[in-house]
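Structure first, commentary second.
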């Protein structure tokens, strides 16, 4: 009786049937015991003929981080050599490229972070000059010269400046003020907190795309928002269509009070990217319907499709004529977890507010301050992302050519290859991949397979994922966790590192 | 839209179709037809803001956080002015408002930072400048990170091996009482855990709304989170005359009063106390547990200052330990969440945002929901988790770093003990200031007697009298404190919170300045 909450009563989209089993298999395979006894009993008993589960389910982060790379390649090699049972029929090219190159690519920021943690390294000759200079200048911004101090609750002022300059550069000169930047990972929840009335008799509604990633849905639920789903059009490359938005909004208005429109561009899990025109339409729609735009733009630097370019909502908004550009309220989110840094574990991110009522902004700051400061390490990572080495800096050549360029090439190669393979595989179709970390192909199951799943009271794609994991050690997520149209089935996986391909389902 | 029900397996998508509120519908239709009419006239309707003070979540308005309130904002401004060369009667701002040890010049523990550097940039593992035990720790942590990198997401509950180490630490600390890693959640500093648990516990409407009992004076994180969540704050007063101790009769009184208008189900304890610096006796903890059991309350024990105990005769007793020593009647029943972090004690690593909580006797289904709730923020910062690991798995006798580590740790803690004593002594020499012994934590919370005239002047300005006092203190001496009104205090009494963190010589200067100021202030307004 004491511990109840609306969150508790509703189900968890992540713990659908099968999820527990999936976790158990992963635990079993990855447990240190089964690793040490790899050749022994455990292995024979479970009959698993692979060493590690490969997690393709989360955007496993600094895939590009040098030390990470070796591990992943090692795993892939193992898979390549090993007997994979019936599972994997095709092994795609591992992220090629000179491994040594991989391992020096992003050293710049790792070095800066290490020097900030342990400033004795500043005396060390082995670190490049620009690394030391950057570390010193960052430490000067920390009280007591230590990253162990609290910072201002919306972030270190200098880093906010650095981020606003980064935004201005990105948007071709559209001004950005550090006063509108709030550094925080998970700043979305702060915006939701402001927007959503938890107690009103009429629920606050938020429009969200289908498919979308599960943790945002939980965040909405937690705040007590009503979720108004709008479907992306898969047939047309997961485009966002205003007609669909309008339809969803009107349906939503019957039951709740919609105030915000959530956009994920480039899309997770869909890998699509909005055109400038589409963004304009959405903004106009938001203006007409009085909606606050929440633009999740964390994959903005991971755009690789031909002839595709990322336009930020802020930039498009600023170029849309005076009424709209001075009124439509927008919160845009970015983070160091995605893009070329991929430092998820550091928890660095920021939010930029556009056209927010100054009085509300005051309260936003207050909310931030009630949560103590964002992790300093994440703030530093953000600084390095916003202001990477420049031509002429000692760290520039390795950073840019070997690092960023090599990563881009690999991604292009991988995604190209994925699409080629999918084109040949019967039973799978995949929309063109243009941006982001994920592939979200559609699986066309046979009637038999669907019946089989139904008998087990499971979504067919969940069952598929379970089988895939059991037989190959590949851990991908079923589309039912993200939402999909009736009778369509998908899986989501990360394209960047592990490209072992799945066979068409045999059932 | 019915199809959506069947397409999407989780019920979340459907929730908006569950209820149909007629009133709201009518209102909406009006607005829609209004904007339609405007559009038909050819022009876009005049567009006001979606988010204004009127439309904003009303709970947010109640959120207040004194530790970073107006005094601190003014202090930041003054620092800027000083930098720009503006003349002031002082040369620097001394920030004694916040428990931020490193900002006050405390050096980080070398071993911790070595391991952190190694974890971040593993090429350093080949460097012979680093001791072997630091390298071993780093390797161990990296091995348990996804892709062997500290930049990877971890599981939402926290890295497995860190949770095991935390459990072992708790078991050692509590003299062998077992701790289960499954009950450990790593958090983004202790605040994250506290807010999460409060979130989980808040429910109901009107008289059934969750009530949360907090001590007065309290740490504003609690009042701010309670306001934000729209829970009901229930005050119980600590006994200033008895060194800020906790009386069960007062708990009983406040609980009974609260039952009239809400559903009290949480009792928060901060031990050692913030801002009051008291350390609870074992007996008192037992009494609190008995009370919680009797009244069916969920216990939240904020134990982030567990290594900060200075006064003779005082010792830290964890709620968990006492609970288990009270026998199965209690240990199998009373629900408890206990919090710890990397920010305080001898480490003072606030910026890393490392922490953990241990939950006991939580209903397994609720625990599953807790796990879900923490998954919203994906994971706590991995470096913070790594640092937490080092705190609970510090160098052991025989390891190369042991001696340096112990030397550094002891130096910090004994300096704090010395400063705690010094603060109490000097403050008590000032007429009009009385200060309880600083038994633990990092703060003194002295009571100040303010002249009637200053109280009236403050009230005329719409300020709390101790806010008025602290603001004047800041303007005249550069000392930044937090007024007692930000923490709550008995009606008609005034206090301030001051950290004991500045280096000893600076602390002495500060205390003497304060003494002078207080005398001057008293004269001026008498």
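Each value in this text was obtained by applying a stated rule to the coordinates, not by laboratory testing. Remember, predicted model here, so these are calculated numbers, not experimental data. Cβ: placed from backbone, ideal geometry, glycine included. Neighbour counts: every protein chain shown.
Things to note:
- Antiparallel DSSP beta bridges within chain B, as percent of all bridges there, nearest 5: 50 percent
- Peptide B:195-208 - average C-beta neighbours from other chains (10 Å radius): 2
- Normalised by 2.2 N^0.38 Å, where N counts its residues, the alpha-carbon radius of gyration of segment A:180-386 equals 0.99.
- Expected 222 nm ellipticity per residue - DSSP helices of 4 or more, -39500 (n - 2.57), all of chain B, to 500: -14000 deg cm²/dmol
- On a per residue basis, the convex hull of the C-alpha atoms belonging to segment B:162-236 measures out at 124 Å³.
- Here, segment B:110-393 has an Rg and a Dmax of 19.4, 67 Å when only alpha carbons are counted.
- Gain upon complete extension [residue B:363, residue B:126; 0.36 nm per residue less C-alpha separation]: 80.6 nm
- Cut-off 20 Å, label 7 Å out along Cα→Cβ of residue A:284, residues of segment A:301-343 by amide N: A:311-330
- Look at the stretch B:344-355: the mean tally of other chain Cβ atoms within 10 Å of its residues' Cβ atoms is 5.
- Relative packing of B:100-106, B:229-235, B:89-95, which averages over residues the other C-beta atoms within 10 Å, highest first: B:100-106, B:229-235, B:89-95
- A straight chain from residue B:180 to residue B:281 at 0.36 nm per residue would run longer than the Cα-Cα distance by 33.8 nm.
- Alpha-carbon gyration tensor eigenvalues x 5, square-rooted, for segment A:305-367, Å: 25, 22, 4
- Three principal axis extents describe the C-alpha atoms of segment A:187-306; from largest down they are 48, 27, 22 Å.
- Divided by 2.2 N^0.38 Å, where N counts the residues, the Cα radius of gyration of segment B:340-477 comes to 1.54.
- FRET efficiency for the residue B:326 to residue B:74 pair, using the beta carbon distance and R₀ = 35 Å, is estimated at 0.15.
- Ratio of Rg to Rh over segment B:257-353 (Cα coordinates, Kirkwood Rh, two decimals): 1.01
- The mean number of Cβ atoms from other chains found within 10 Å of a Cβ in peptide B:110-122 is 6, as a whole number.
- Antiparallel bridges, percent of DSSP beta bridges restricted to segment A:180-386 (to nearest 5): 35 percent
- With R₀ fixed at 51 Å, the C-beta to C-beta distance from residue B:87 to residue A:243 puts the FRET efficiency at about 0.20.
- Antiparallel DSSP beta bridges within segment B:110-393, as percent of all bridges there, nearest 5: 40 percent
- One way to sum up the overall shape of chain B is the equivalent ellipsoid from its Cα gyration tensor, whose semi-axes run 38, 34, 27 Å, largest first.
- Globularity ratio of segment A:345-439, using Cα Rg and 2.2 N^0.38 Å: 1.65
- Relative contact order of segment A:180-386, defined on C-alpha pairs under 8 angstrom at six or more residues apart (%): 22 percent
- For the peptides B:256-265, A:483-492, the ranking by packing is A:483-492, B:256-265, with the highest mean count of neighbouring Cβ atoms within 10 Å listed first.
- Each principal axis of segment B:98-255 carries a Cα extent, and these read 62, 36, 34 Å when sorted largest first.
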